[in-house]
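Scroll down for the structure; my scribbles are underneath it.
The values are calculated or read from the model by the stated rules, or taken from the named source; none is laboratory data. On a predicted model such as this, the values are computed, not experimentally measured, just so you know. Positions of Cβ are generated from backbone atoms using ideal geometry, with glycine treated the same way; all protein chains shown enter the neighbour counts.
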């Protein structure tokens, strides 16, 4: 009974979607959070320019990113030796890149909204640069969590990258969005509706969670 | 408090690392070899490939990965080394693919017919006409704004066939596509049928996909012109060329091609859809060609899908003559 449920394609596709987009978001957080905190805390000459770049990249069309990544990951592409096309890792990398500007931009805003005196205060109390950064991070943790949640939402709902570098392969790279897109073409509307409901449930649940968090922080 | 944050960050890094490691493990750790097959949408949309996959994987230690993209992109995938083999249906393109040195060991696996399908009202009066006459009528009616034509518009096998049919009927496709009544869907077969159905338009469809969609009640278009040598549709399997892309799973591709052309594989093709649709969606081609069981049919296939009298010219047989005996 349980085994059958675990073998159910809908369950497997849902788990795969959560896993791929979750990993992508966490992976992206590894570089995006430090980058966001750094840009947010420091004042340097190209700061507005850097912020502008990340803001512009927020609107990156997923088909464009998908095509670029396909050309890179393709056997004859620059990164062809990695044999990443088609694979779930390729989707993870793609979605991690896709959400980078979201985490960076939102983290910058969160960090900038922290009272700058905190840094000075921490430093007068003998904190090192890293310790001061951590103090800022603690103050802006609400915004940072929001950034990560919003990124996950974007990742799990995107189609372009997953289709271009994953290929919607049954039992391997099929995620919710690609399955819905291709099963509709196949005329399997009811199956698609089931998957759509799951996708919507995930996205809405996360949006509601985000709103609740936002209210608590304010 | 700051220690808390350090713990959180460490936890975050740990989770990320474990997730990535987990992905690498579950993707790379499997004992089965992968075989990436880029395929025309018609074989995929009808679910024939799902049936084949189940039976093949039960027998061999190879994981089949189908990417459904249409003949144009399938060939591109193989040219770039992204697919180990392809399943396609556009002989003219297959020939240039072979000649370009990208593929070897072509085998014709199945055939069926294209159909010109359209609304039941049939404003262009094409029912049971010859394909070329039917197309002339559609152009005329279209220009009078009483009919529409939906084209795949995606460089697929069906699209290639459509362009060929326009030429046979005496029209220039490049000018037709700019006319009002000519709609380019830029989509796979299933989607294109759905678009035509919504627009009450005519379109060219492979019989397999059409029948499935019609019998499943997804579309109500009628198959109006279904006969004639011009409408023949031939499916082939071609392995990638390992001297060009050394990383491909060539042995796997040959194993799969042998399975498709074996009695067992041909049986799956012959029986697919019989119980659901009352008739086969695809006809097996191997026995027919080998024993010349229906001479007219064999002649049609040879006229349309053979190159210089060969299913696969000897220079592209790549030390696998056993496929052709």
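Does residue A:5 meet the test of being more than 9 Å from chain B (Cβ to nearest Cβ), farther than 30 Å from residue A:170 by Cα and loosely packed, with under 14 Cβ neighbours inside 10 Å? Taking the combined requirement at face value, the residue does not satisfy it.
Kindly establish whether residue A:122 is part of a helix (DSSP H, G or I), at pLDDT below 90 and within 10 Å of another protein chain (Cβ to nearest Cβ). Judged against the criteria, residue A:122 is a match. Among the numbered conditions (1) more than 20 Å from residue B:263 (Cα to Cα); (2) within 12 Å of chain A (Cβ to nearest Cβ), the only one that residue B:75 does not meet is (2). Going through B:190, B:157, B:217 one at a time, which residue ends up being within 14 Å of chain A (Cβ to nearest Cβ) and either in contact (Cβ under 8 Å) with a residue 24 or more places away in the chain or surrounded by 20 or more Cβ atoms within 10 Å (Cβ to Cβ) (or both)? On inspection, the qualifying residue turns out to be B:190. What do you reckon, is residue B:232 crowded, with 21+ Cβ neighbours inside 10 Å, touching a residue at least 24 places away in the same chain (Cβ under 8 Å), under 26 Å from residue B:70 (Cβ atoms) and under 18 Å from the mean Cα position of the chain (by Cα)? No; evaluated as a whole, the condition is false for this residue. Taking the conditions exactly as written (crowded, with 20+ Cβ neighbours inside 10 Å and either within 23 Å of the chain's Cα centre (by Cα) or at pLDDT 90 or above (or both)), does residue A:206 satisfy them or not? Spelling it out, it is not the case that residue A:206 is crowded, with 20+ Cβ neighbours inside 10 Å and either within 23 Å of the chain's Cα centre (by Cα) or at pLDDT 90 or above (or both).
Go through the residues of the stretch B:203-213 one by one and say whether even a single one is modelled with pLDDT of 95 or more, more than 14 Å from chain A (Cβ to nearest Cβ) and either in a strand (DSSP E or B) or closer than 17 Å to residue B:68 by Cα (or both). Checking the stretch B:203-213: at least one residue is modelled with pLDDT of 95 or more, more than 14 Å from chain A (Cβ to nearest Cβ) and either in a strand (DSSP E or B) or closer than 17 Å to residue B:68 by Cα (or both). Of the candidates B:150, B:117, the single residue that is under 24 Å from residue B:279 (Cβ atoms) and surrounded by 21 or more Cβ atoms within 10 Å (Cβ to Cβ) is B:117.
Inspect all residues belonging to the stretch A:45-60 and state whether any of them is modelled with pLDDT under 95 and within 20 Å of residue A:175 (Cβ to Cβ). The answer is yes; a qualifying residue exists.
For residue A:34, the criteria (1) within 12 Å of chain B (Cβ to nearest Cβ); (2) crowded, with 21+ Cβ neighbours inside 10 Å; (3) assigned to a helix (DSSP H, G or I) hold in every case but one, which is (2).
Scan the stretch A:56-74 and give yes if some residue there is part of a loop (DSSP other than H, G, I, E, B) and farther than 20 Å from residue A:155 by Cβ, otherwise no. The answer is yes, given that some residue of the stretch A:56-74 is part of a loop (DSSP other than H, G, I, E, B) and farther than 20 Å from residue A:155 by Cβ.
Applying the set (1) farther than 30 Å from residue B:240 by Cα; (2) modelled with pLDDT under 95; (3) part of a helix (DSSP H, G or I) to residue A:115 leaves exactly one unmet item: (3). Selection of the stretch A:129-182 for residues being within 26 Å of residue B:64 (Cβ to Cβ), part of a loop (DSSP other than H, G, I, E, B) and more than 11 Å from chain B (Cβ to nearest Cβ) yields A:159, A:175. Please indicate, with yes or no, whether at least one residue in the stretch B:27-36 is in a helix (DSSP H, G or I) and touching a strand residue (DSSP E or B) at 6+ places or on another chain (Cβ under 9 Å). For the stretch B:27-36, residues in a helix (DSSP H, G or I) and touching a strand residue (DSSP E or B) at 6+ places or on another chain (Cβ under 9 Å): absent. Every listed requirement among (1) buried (at least 18 other Cβ atoms within 10 Å of the Cβ); (2) modelled with pLDDT under 90; (3) under 21 Å from residue A:171 (Cα atoms) is met by residue A:86 save one, (2).
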